[in-house]
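The block underneath contains the structure these notes are about, expressed in structure tokens.
Just so you know, all these numbers are worked out from the coordinates, no wet-lab data involved. All of these numbers come straight from a predicted model, not from anything done at the bench. Positions of Cβ are generated from backbone atoms using ideal geometry, with glycine treated the same way; all protein chains shown enter the neighbour counts.
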2 protein chains.
Amino acid sequence: MRKRGYSLAEQLLDTLEERGYRSTSPRRAVANVIAGQERHFTAEELREKLPEVGRATIYRSLKILVDAGVLCRVLLEDGNLHYQLSHRGHHHHLLCVECGASEDLLGCDIEDLLQSVSAAHGFQLSGHWLEVYGRCQSCLQTQVPA
Amino acid sequence: MRKRGYSLAEQLLDTLEERGYRSTSPRRAVANVIAGQERHFTAEELREKLPEVGRATIYRSLKILVDAGVLCRVLLEDGNLHYQLSHRGHHHHLLCVECGASEDLLGCDIEDLLQSVSAAHGFQLSGHWLEVYGRCQSCLQTQVPA
DNA sequence: ATATTAATGATACCTAGTCTCGAAACTAAT
DNA sequence: ATTAGTTTCGAGACTAGGTATCATTAATAT
Ligand SMILES: [Mn+2]
Ligand SMILES: [Mn+2]
Ligand SMILES: [Zn+2]
Ligand SMILES: [Zn+2]
């Protein structure tokens with residue numbers, strides 16, 4: 001949908017360069033594959049699409065992209081770790097256990113609630129991990145047509 | 001603190017027998033170690049304390065105790081999976097990143113909030129995973145004495 | 001062009017498990 | 001007590017997912 005000028009892959013590489021990372025051909029390859037990804041993906045899936053890139057490089061790239069905030073980790077209900085393009089900032093996901101769709105959960109008041117619950121226990125909140133599993137709208141519709 | 005009659009280890013074994021598992025000496029050994037555990041522990045720590053029990057048996061025992069609801073899994077901030085004695089029912093943990101203390105989070109309204117947030121997105125909630133990290137009361141006190 | 005530094009990838013290694021399978025142990029029925 | 005049927009055991013092979021090492025190569029700065 002994006003015409004010329006500034007592809008998503010270019011954005012990813014720019015983010016790395018801003019952070020002082022060199023622009024190398026393995027990194028360009030990784031950026032291109034990730035930019036074309038519709039859903040969340042595993043390190044292994046990425047590796048299959050880039051057999052010419054070394055394993056260590058795949059994992060290193062994922063790590064720096066997560067650190068840069070452009071990818072986020074998503075823990076599926078089966079325990080498998082996936083990655084997906086991230087909107088900057090901390091957020092959570094609604095994950096469909098049926099079709100794998102993932103919807104971002106932004107600007108809700110979960111953080112506030114955790115803050116107050118922690119305070120009630122004398123805890124100073126420093127972080128949290130949350131994943132929410134369920135069935136998405138379209139899976140509900142196609143599945144319960146009666 | 002428990003006098004005679006019904007030790008925690010015995011409770012664990014009874015839970016297994018109720019579920020149709022035989023009472024065997026490896027299981028008794030596992031139950032005894034777990035019953036004496038003050039904090040959450042890893043499979044590996046359990047293994048170190050039970051060098052005579054086979055590795056597969058350790059993992060099998062942990063799995064059935066989790067399934068039975070008497071142990072719960074706790075994901076530490078560093079990604080390591082620990083186990084700890086569970087009060088029955090779904091609940092979450094406040095985990096101190098300083099001293100490792102873990103406090104159960106029961107009867108709060110997180111579930112309700114998740115329910116309504118999911119509904120707002122057209123999701124049918126089926127489950128979630130939540131861990132909360134911070135500093136506990138006593139760590140806060142000893143650390144900021146000024 | 002040269003020097004400096006960062007990045008790569010082959011490979012070895014590691015952690016946290018799971019799988020297999022013959023042997024041992026438990027339980028129930030005689 | 002013996003037997004038969006079933007469960008459980010544990011040694012060891014195997015796996016997934018990831019990290020450490022390190023000699024070689026590539027990117028950038030001068
Ligand atoms: Mn996201
Ligand atoms: Mn708990
Ligand atoms: Zn769906
Ligand atoms: Zn603490």
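Relative to the dominant Cα principal axis of chain A, helix A:25-35 is inclined by about 40°. A full extension of the chain between B:Arg47 and B:Ile64 corresponds to an added length of 4.5 nm, given 0.36 nm per residue minus the alpha carbon distance. Annotation: the residues B:His90, A:His128, sorted from fewest to most other C-beta atoms within 10 Å of their own C-beta, follow the order B:His90, A:His128. Between helix A:110-120 and chain A, what is the angle of the helix's C-alpha long axis to the longest principal axis, kept within 0 to 90° and rounded to the nearest 10? Once rounded, the angle reads 60 degrees.
By the rule of a second cysteine Cβ within less than 4.7 angstrom, chain B holds isolated cysteines at B:Cys72, B:Cys99, B:Cys108, B:Cys139. Here the residues A:Leu65, B:Leu81, B:Leu76, ranked from fewest to most Cβ neighbours within 10 Å of their Cβ, fall in the order B:Leu81, B:Leu76, A:Leu65.
222 nm [θ] for chain A, helices only, -39500 (n - 2.57) per DSSP H run of 4+, per residue, to 500?
Numbers: 6 runs with 60 residues, N = 146.
So the calculated ellipticity at 222 nm is -12000 deg cm²/dmol.
Classification of the stretch A:52-93 by its C-alpha gyration tensor yields an oblate form. The axis ratio a/c (a ≥ b ≥ c) is 1.5 or more, and b/c is at least a/b.
A label point on B:Asp14, set 7 Å along the Cα-to-Cβ line, lies at 6.6 nm from each of its counterparts in the other copies, closest listed first.
Between helix A:55-67 and chain A there is an angle of about 50 degrees, using the helix long axis and the longest principal axis of the Cα atoms. Dipole size of chain A about its Cα centre, with +1 on Lys/Arg Cβ and -1 on Asp/Glu Cβ: approximately 720 debye, rounded to the nearest 20. Taking a ≥ b ≥ c as the square roots of the eigenvalues of the Cα gyration tensor of the protein assembly as shown, is the shape rounded (a/c under 1.5), prolate (a/b larger than b/c) or oblate? Cα axes put the protein assembly as shown in the prolate bin. Per residue, the average separation of C-alpha pairs within less than 8 Å and at least 6 apart gives chain B a relative contact order of 17 percent.
For the stretch A:1-90, trypsin sites (Lys or Arg not before Pro) are listed when DSSP marks them as loop and at most 13 other Cβ atoms sit within 10 Å of their Cβ; the list is A:Arg2, A:Lys3, A:Arg4, A:Arg19, A:Arg22, A:Arg39, A:Arg88. Taking other C-beta atoms within 10 Å as the exposure proxy, B:Tyr6, A:Tyr21, A:Tyr83 rank B:Tyr6, A:Tyr21, A:Tyr83 from fewest upward.
In chain A, a dipole from Cβ-located charges (positive for Lys and Arg, negative for Asp and Glu) runs towards its positive end, and of A:Ser23, A:Gln124, A:Cys139 it is A:Ser23 whose Cα lies farthest in that direction. The residues packed around B:Glu45, meaning those with a beta-carbon under 14 Å from its beta-carbon, carry a net charge of +1 if Lys and Arg are +1 and Asp and Glu are -1.
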